[in-house]
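Reviewing the structure listed below.
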Amino acid sequence: MNPPDSQEKLRELCDRLLDGDFSPEDRACLEALVLGDPALRTLYVEIMHQHAALRQNASRLGDVPLSEVLRAMPDEPMSKMIRFPRWPLQIAAAVLLGFAIWQFVPHRTESPLATLIETNGARWENSSLPTVPGSPLKAGRLRLESGVARLVFQSGAEVSLEGPAELELQGPNTCFLHTGALTAHVPEQARGFTVATAHAQLIDHGTDFGISADPGGRGQVQVLKGEVELRHERSGETRLLATHESAAITADHLTQIPATEGEPDRYAFLRPNSAPHPTTLTLTTAGGAGDAAYVVSPGSRIHSSDTLLLLKNSPTQAYRRKAYLRFDLAPLRDRRVAEASLTLNFEATGFGYASLTGECTFAVYGLADDAQDNWSAETLTWENAPAFSPDAGTVDTSHAMKLGTFSTPRGVVSGTFAIEGQALADFLNADANRRATLIVVRETSEAGSNSAVHGFAGNHHPTLAPPTLKLTLANP
């Protein structure tokens, strides 16, 4: 293309750009002309500069007669009026070109990938997408704390997300399940709908299915009707699953689960064999041979409770209180405890003033003498209590061992507090008669008699849970 033709082509492309009728092919041609020829770069800058100046002054020139405007114009051509240094010319042309294309070419709007149809009992966390039913959803994440949310992808695939869950929308027929569970109905026109997890991809072949994933990337797929293809990322393994078939997903491989027509087990991947070996166990003082009571020192004539277990380390001989808890360990059978925690739910007793109560430290002891485990809440007293010590802040350590401590802040008399650690687990594993007694005392003694009496829920509290052991069991 000779220079006059190139200049004419450049002017034509600039006209299209400024008129808003500019195609991707026009853009590629304009870039090639401007960036490949110094003379055309100069001409391009002049054209764009002239257009910008006219736009900027359009309002001021609107009422001025054309003859006066022309009389004010100099006789010199624009190329002589504008003197551009040579070294930044290419940079200036590139910047102007990019700005002009951004300014005059219509921007493409991102199409929605799905629509949020309805929610039931939904509570949302910090989602990057709108959470109002009827909202169009672009690429981003939905973080559902609880409840159910139903959305329909542009492909027609219907997904019901169950909280807590986090789902990332990636395309009109693709998504990524970071954690939680979903069920999907995929009509024929949405065949190929894909759900990815940390370790696998599920590709639908026109079906109904459920999929779940935990934060570690493990998960499970269950085909409710039809057929899906499951591809493992690391191993490259592929499996086809039909109606009622399931597969567990781990970082290393896929494991097919025998087909069943019963209730789906979303967490079968946590149970690699069918033996009844739970990985966690929760015990309370209200279960089996468990019991809970508190004892109070002689001379205490007022302030008692049927629902709370009271604690106080009084400076006087009266109104001292300790709590006794017994847990039935029979459900452990021969399993060993790997981790253990004791949780207590405190509530204001109404006795004494919380504002006069400083930070308090409490201790939990384990009764080592199995012969003293058969106490009864009905007959337990200050003097006959196991591992008795007249000191309200401790016990007879020849019969009991300290398992842990916890503290309540100044003025705080309600809330949930706990101890955990290897000492508690070892104590439970060493218990021979499958009955474990724990003793709770307040180590901190008050300066006067007006501070609060602490109390936590026993077995008969109407709303709060009784003392609870949460156990993580070792593999059998």
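The values are calculated or read from the model by the stated rules, or taken from the named source; none is laboratory data. Please read all numbers here as calculations on a predicted model, not as lab measurements. With ideal geometry, Cβ positions are generated from the backbone for all residues, glycine too; neighbour counts draw on all protein chains shown. Side chains are part of the model used for accessible areas, which takes the heavy atoms of the whole protein and leaves out ligands, DNA and RNA. Shrake-Rupley method; radii C 1.70, N 1.55, O 1.52, S 1.80 Å.
Some points to look at:
- All other residues whose Cβ lies under 13 angstrom from that of L310 are scored, Lys and Arg at +1 and Asp and Glu at -1, for a net of +3.
- Of the residues A149, A181, Q170, the one whose Cα sits farthest toward the positive end of the charge dipole of segment 136-182, with +1 on the Cβ of Lys and Arg and -1 on the Cβ of Asp and Glu, is Q170.
- Across the protein chains, with a 1.4 Å probe defining accessible surface, the residues H399, H185 rank H185, H399 from largest area downward.
- Placing +1 on each Lys and Arg Cβ and -1 on each Asp and Glu Cβ, with no other charges, gives segment 290-412 a dipole about its Cα centre of roughly 360 debye.
- Ratio of Rg to Rh for segment 339-443: 0.98 [Cα atoms; Kirkwood radius as inverse mean 1/r over pairs].
- Descending principal axes extents, segment 290-405, alpha-carbon based, whole Å: 47, 28, 26
- Globularity ratio of segment 113-178, using Cα Rg and 2.2 N^0.38 Å: 0.94
- Residues S128, S297, S160, ordered by accessible area of protein heavy atoms at a 1.4 angstrom probe radius and largest first, appear as S128, S160, S297.
- Within straight-line reach of K312, meaning a Cα separation under 18 Å, sit the following aspartates and glutamates at least 8 residues removed in sequence or on another chain: E347, E359, E383, D391, D396, E443, E446.
- Whole-Å distance, taken between Cα centres, linking segment 437-457 and segment 131-176: 50 Å
- Remark: relative contact order (segment 350-432) = 41 percent; criterion is Cα-Cα distance under 8 angstrom and separation of 6 or more residues.
- The share of accessible area on segment 317-476 that comes from carbon and sulfur is 49 percent, using a 1.4 angstrom probe.
- S135 contributes about 20 Å² of solvent-accessible surface, heavy atoms of the protein only, 1.4 Å probe.
- Rounded to the nearest 10 Å², the accessible area of K470 at probe 1.4 Å: 110 Å²
- Segment 413-467, Rg to Rh (Cα coordinates; Rh as Kirkwood inverse mean 1/r): 1.04
- Accessible area (Å², 1.4 Å probe, nearest 10) - E188: 120 Å²
- Straight-line cross-link partners of K225 among the lysines, defined as a Cα under 30 Å from its Cα and at least 8 positions apart when in the same chain: K138.
- A Stokes-Einstein calculation at 10 °C with viscosity 1.306 mPa s, built on the Kirkwood radius of segment 3-52 over Cα pairs, returns a diffusion coefficient of 147 µm²/s.
- The mean sequence separation of alpha-carbon pairs under 8 Å and at least six residues apart, normalised by the residue count of segment 337-476, gives a relative contact order of 48 percent.
- Of the residues A139, T119, V159, the one whose Cα sits farthest towards the positive end of the charge dipole of segment 110-217 is A139 (charges of +1 on Lys and Arg Cβ, -1 on Asp and Glu Cβ, taken about the Cα centre).
- The listed residues I203, I302, once ranked by accessible area (1.4 Å probe) with the largest placed first, stand as I302, I203.
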